[in-house]
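Structure, as structure tokens:
Since every read-out is calculated from the coordinates, none of them should be taken as a lab result. This structure is a prediction, so every number in the text was calculated from the model and none was measured. Don't worry about glycine lacking a Cβ; one is built from the backbone with ideal geometry, like all the others, and counts go over all protein chains shown.
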Amino acid sequence: MRFWRRPTIACQQWVELVTDYLEGSLPARLQQAADNHLADCDHCREYLEQLRRTVATARNLLDEDRPVDLVNALARAFADYHASPGST
């Protein structure tokens, strides 16, 4: 006899998946687990809403609002992070 378990994830796992969640690119099982987690976790729902507001704000920035030095520094930091051992 098999019992059906609701797919779940922990907060740390959800935070690691949030970008793919926002882009709608999670596999169906992970999407369901993320949705289940959000249904039960006020903190992660708040974090998701903060990220959505941040993305919306960033989209509205004009080129002159983004100093070239800052953009370059962020691009380097992002590249360094992804080049470091253990990053995914």
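Restricting the calculation to Cα atoms, every distinct pair contributes to the Kirkwood radius of the stretch 23-72, found to be 13.2 Å.
By the rule of a second cysteine Cβ within less than 4.7 angstrom, the chain holds isolated cysteines at C11. Largest first and in whole Å, the equivalent-ellipsoid semi-axes of the chain read 32, 17, 10, each the square root of five times a Cα gyration tensor eigenvalue. Neighbours of Y47 by Cβ distance under 13 Å: Lys/Arg scored +1, Asp/Glu scored -1, total -1. Across the chain, C-alpha contacts under 8 Å between residues 6 or more apart give a mean separation that, scaled by the residue count, equals a relative contact order of 24 percent.
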